[in-house]
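Asker: Take a look at the following structure, please.
The values are calculated or read from the model by the stated rules, or taken from the named source; none is laboratory data. Please read all numbers here as calculations on a predicted model, not as lab measurements. Because the Cβ atoms are built from the backbone with ideal geometry, glycine has one as well, and the counts that use them run over all protein chains shown. Accessible surface is based on the protein model in full, side chains and every heavy atom, while ligands, DNA and RNA are left aside. Shrake-Rupley method; radii C 1.70, N 1.55, O 1.52, S 1.80 Å.
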Amino acid sequence: MKLVFAGTPEVAVPALDALIASGRHEVAAVVTRPDAPAGRGRRLVASPVAQRAEEAGIEVLKPARPRDEDFLARLREIAPDCCPVVAYGALLPKAALDVPARGWVNLHFSLLPAWRGAAPVQHAVMAGDEVTGASTFLIEEGLDSGPVYGVLTEEVRPADTSGDLLTRLAFAGAGLLAATMDGIEDGTLHAVPQPADGVTLAPKLTVEDAQVQWSAPALRVDRVVRACTPAPGAWTLFRGERLKLVQVTPAVDRSELAPGELSVGKNNVFVGTGSHAVELLWVQPQGKKPMRAADWARGVRIVPGELVGN
């Protein structure tokens, strides 16, 4: 088939690579979000997908909005058979959805209908799911509600951050998307409607969502930190400034601390929660690089009974 691939961040690059490498289909063009400011100089930088496409000599389309008539006209000129999508980052209007004869097929990082929305992996980690996965489905105008072509499952490991899990799913899902294109092309794969039961939503996590509530149980604190790593980054307040929590671990043998109360040993730092304590392993003070929590605690000279979170 002639394909136009839509995607933007690094997590979409493995799927683009898989389609290019398959040799079975032609990736005629790539659709991605416009260049965005990055780094200290806020210089405009092309998306990871755009950079990879340019390296491969593939035409790159960067519409400000996918409803722009110039973009739609070019899409019609290319006349793709199918448009595979991974984390493109913009809603596709009906005028775009109607162009490819076999539709737009999205690789979504959950077992649909669970975790429809922008942050499925983060919500799976935060909810304590033991298994998640990826799905390919035909995009329709609803939110991740279209019929499903294929799925794969992936274990959520006890220490997984969202970044860890998303990386594994990106590479596994690349193979699923390529296989889905093959199955659509040869007629062996047919989309099946999603069940009405089991729908959960996964909206983008905000900075407010990432603030740790120390009155919650230790297990919840650990899940919030892992779910918000690397973005938007879990945090708490310490002496009126934000302290980013990079890595923590539950400490089941420490239950004497009040929620938010700090306890500093020679080589460790504990914080009380609504159940037992958690140990801070890595933190990032405002304006500084990540550091071991024990080194941070020595530098700030924590007073006995001092709290985080207020």
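Asker: Can you list which of the GluC sites (Glu not before Pro) found in segment 137-183 are DSSP loop residues with at most 11 other C-beta atoms within 10 Å?
Answerer: The qualifying sites are GLU141.
Asker: Under a point spin-label approximation (7 Å from Cα along Cα-to-Cβ), what is the ASP98-THR200 distance to one decimal in nm?
Answerer: Spacing of the two 7 Å Cα→Cβ label points: 3.7 nm.
Asker: Could you work out how far helix 162-186 tilts from the main Cα principal axis of the chain, as a 0 to 90 degree angle to the nearest 10?
Answerer: Taking Cα atoms only, the helix is inclined about 10 degrees.
Asker: Taking only Cα atoms, what is the 0 to 90° angle, nearest 10, from helix 69-78's long axis to the longest principal axis of the chain?
Answerer: Between helix and principal axis, roughly 60 degrees.
Asker: With r as the distance between the Cβ atoms of ASN268 and ARG24 and R0 = 35 Å, compute the FRET efficiency 1/(1 + (r/R0)^6) and round to 0.05.
Answerer: Calculated transfer efficiency: 0.05.
Asker: A follow-up question, please. Measuring from label point to label point, each 7 Å out along Cα→Cβ, what is the VAL131 to VAL303 span in nm?
Answerer: Calculated label separation equals 5.2 nm.
Asker: Something else about it: Ranked highest first by the average count of other Cβ atoms within 10 Å around their residues, in what order do 188-198, 70-80 fall?
Answerer: Working: 188-198: 11.5, 70-80: 14.9.
Ranking, from highest mean packing down: 70-80, 188-198.
Asker: For the pairs LYS62/LYS288; LYS62/LYS244; LYS266/LYS288, note any where the Cα-Cα span goes beyond 29 Å.
Answerer: Working: LYS62/LYS288 35 Å; LYS62/LYS244 34 Å; LYS266/LYS288 22 Å.
Listed pairs above 29 Å: LYS62/LYS288; LYS62/LYS244.
Asker: What part of the accessible area of the chain, given as a whole %, is carbon or sulfur when the probe is 1.4 angstrom?
Answerer: 53 percent
Asker: At 7 Å along Cα-to-Cβ for each site, give me the label-to-label distance between GLU54 and LEU152 in nm.
Answerer: Inter-label distance under the simple model: 2.9 nm.
Asker: Residues of segment 24-46 with backbone nitrogen within less than 18 Å of a virtual label 7 Å along the Cα-to-Cβ line of ASP186, please, listed as ranges.
Answerer: 24-26
Asker: Looking at segment 222-310 only, what percent of DSSP beta bridges run antiparallel? Nearest 5 please.
Answerer: Antiparallel bridges make up about 95 percent of those DSSP assigns within segment 222-310.
Asker: Considering Cα pairs under 8 angstrom that are at least six residues apart, work out the relative contact order of segment 36-174 and quote it in whole percent.
Answerer: Relative contact order, segment 36-174: 16 percent.
Asker: Please list the non-local residues whose amide H lies under 5 Å from the amide H of GLY260, H modeled 1.01 Å from N, same-chain partners needing a gap of 5 or more.
Answerer: GLY272, THR273
Asker: Suppose a student asked you for the relative contact order of segment 133-190, using Cα pairs under 8 Å spaced at least 6 residues apart; what percent would you report?
Answerer: 33 percent
Asker: Using DSSP to define loop residues, name the chymotrypsin sites (Phe, Trp or Tyr not before Pro) in segment 201-297 whose beta-carbon has at most 13 other beta-carbon atoms within 10 Å.
Answerer: none
Asker: If you roll a 1.4 Å probe over the heavy atoms of the protein chains, what accessible area per residue do you get for segment 219-310, in Å²?
Answerer: Averaged over the residues of segment 219-310, the accessible area is 52 Å².
Asker: Of all DSSP beta bridges located in the chain, what percent are antiparallel, nearest 5?
Answerer: Taking every DSSP beta bridge with both residues in the chain, the antiparallel ones total about 70 percent.
Asker: Can you give the FRET efficiency to the nearest 0.05 for ARG43 and GLN213, using r as the Cβ-Cβ distance and R₀ = 41 Å?
Answerer: Efficiency computed from Cβ-Cβ geometry: 0.65.
Asker: Same structure, new question: Normalising by the residue count of the chain, find the relative contact order in percent from Cα pairs under 8 Å and 6+ residues apart. Walk me through the numbers on the way to the answer.
Answerer: Values: 680 pairs, mean separation 40.6, N = 310.
Across the chain, relative contact order equals 13 percent.
Asker: In addition: From the protein chains alone at 1.4 Å, what is the descending order of accessible area for MET291, MET126, MET181, largest first?
Answerer: Ranking MET291, MET126, MET181 by accessible area, largest first, yields MET291, MET126, MET181.
Asker: Only bridges with both residues in segment 76-154 count here: give the DSSP antiparallel percent, nearest 5.
Answerer: Numbers: 10 of 13 bridges.
In segment 76-154, DSSP labels about 75 percent of beta bridges as antiparallel.
Asker: Using Cα atoms only, what is the angle between the long axis of helix 218-227 and the major principal axis of the chain, expressed in degrees (0 to 90) to the nearest 10?
Answerer: Approximately 40 degrees, to the nearest 10.
Asker: If you count only protein heavy atoms with a 1.4 Å probe, what accessible area per residue comes out for segment 150-190, rounded to a whole Å²?
Answerer: Working: 1880 Å² over 41 residues.
It amounts to 46 Å² per residue over segment 150-190.
Asker: Which value, in Å² rounded to 10, gives the accessible area of LEU152 with a 1.4 Å probe and all protein chains present?
Answerer: Approximately 30 Å² of LEU152 is accessible to the 1.4 Å probe.
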